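Accompanying notes for the structure given below.
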Amino acid sequence: MNKRVPVLGKKQVMANFPKRPRDSHKGLFGTVAVIGGTNGMTGAPLLAGRAALKLGAGCVHAGLLADNAPGVDLLQPELMLHSAKAALLLPDVDVLAVGCGLGTSIAAQKLLYEALKRNAALVLDADALNLLARQPDLQDDLRNRKAATVLTPHPGEAAHLLACDTEEIQADRVAAVKNIAQTFHCSVVLKGADSLCATRDGKLFVNKTGNPGMSSAGMGDVLTGMIAAFIAQGMTADHAMLLAVHLHGAAGDALAEQGIVIGMAASDVTEWARWLLNQWINN
């Protein structure tokens, strides 16, 4: 790792977190719509939606692509569930989080195409990134967007986006994250040990929170929901990404400090992230 890359810290990432007025209401904290959840993968957008809700978004919708999608999240009934197409057409959505469990079907491609046309901030993860890598026309749509976009690839997805091997990404992660940010005109977090964050204006940061216990399913979905929540509350896409990445890893570290490393679940990270964020606000 290049020693000149600045390391994210709590004071830095919290500097731009908005204060809530006493006469707050849910409309002040934005609306998030999470789009994904093809057959067998409905848990992914639900994890992202729960994270968005618990990290402060005012309203959260989940649009599910699965044929047998549930009508209510029994563990989080505050989430509003719809078909994927219906969620994408909701008015007054501030942030669209697309890709969690989306799949790469024709229907998924159409959803991503429509999302890229919306004048809302975008957080793209998982299969949304794989679809982008395969479709040059979608890449053009992404580059032409005026609203902010955050990409959240792991090394394999980054390799797809840059048409290279994963080994090449890992051999020079700094070059890779810069290349993705410049190529697609986006904010980018290249996930993994010491996640790298490239802002839309060309700044680069490394995150040192997080631990091997976080190597389990759904962690990326939670991060996507967290980024969306912070954008919805008024943070810029860059600042939202930096806070979410640092806090996400710190929540995993808090669990590890409690002796929970093996069997750490993404849902656990959401709970600890909410607790930590409230501690950081009050300190």
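Just one of (1) within 21 Å of Val7 (Cα to Cα); (2) over 10 Å from the mean Cα position of the chain (by Cα) fails for Met241. It is (2). The set of residues in the stretch 196-218 that are out of contact with any strand residue (DSSP E or B) (no Cβ under 9 Å at 6 or more places or on another chain) and either crowded, with 20+ Cβ neighbours inside 10 Å or of a type in the set (S, T, N, Q) (or both) comprises Thr209, Gly210, Asn211, Met214, Ser215, Ser216, Gly218.
Taking the stretch 64-97 as the range and being surrounded by 14 or more Cβ atoms within 10 Å (Cβ to Cβ), in contact (Cβ under 8 Å) with a residue 40 or more places away in the chain and under 22 Å from Gly27 (Cα atoms) as the test, the residues that pass are Ala87, Leu88, Leu90, Val93, Asp94, Val95, Leu96, Ala97. Checking each residue in the stretch 116-153 for being more than 18 Å from Ala228 (Cβ to Cβ) and part of a loop (DSSP other than H, G, I, E, B) picks out Gln135, Asn144, Lys146. Pairs are defined by a Cβ separation below 9 Å, a sequence spacing of at least 6 or placement on different chains, a first member in the stretch 258-269 that is surrounded by 10 or more Cβ atoms within 10 Å (Cβ to Cβ), and a second member that is among the β-branched types (Val, Ile, Thr); the pairs so defined are Ala266/Val222; Ser267/Val222; Asp268/Ile260; Val269/Val222. If you check Gly58, Gly101 for being touching a Ser or Thr at 6+ places or on another chain (Cβ under 8 Å) and closer than 15 Å to Val32 by Cβ, only one passes: Gly58. Within the stretch 166-179, residues that are without any contact (Cβ under 8 Å) to a residue 60 or more places away in the chain reach partners that are of a type in the set (Val, Ile, Thr) with beta carbons closer than 6 Å, at six or more positions or on different chains, in the pairs Ala176/Ile169; Val177/Val188.
Touching a Leu at 6+ places or on another chain (Cβ under 9 Å) and part of a strand (DSSP E or B) - does that describe any residue in the stretch 15-29? Scanning the stretch 15-29, I find no residue that is touching a Leu at 6+ places or on another chain (Cβ under 9 Å) and part of a strand (DSSP E or B), so the answer is no.
Of the residues making up the stretch 14-46, those that are closer than 20 Å to Leu122 by Cα and of a type in the set (A, V, I, L, M) are Leu28, Val32, Ala33, Val34, Ile35, Ala44, Leu46.
Every number here is computed from the coordinates shown, using simple stated rules; none is lab data. Model, not experiment: these values are computed from the prediction. Backbone-built Cβ (ideal geometry, glycine too); neighbour counts: all protein chains shown.
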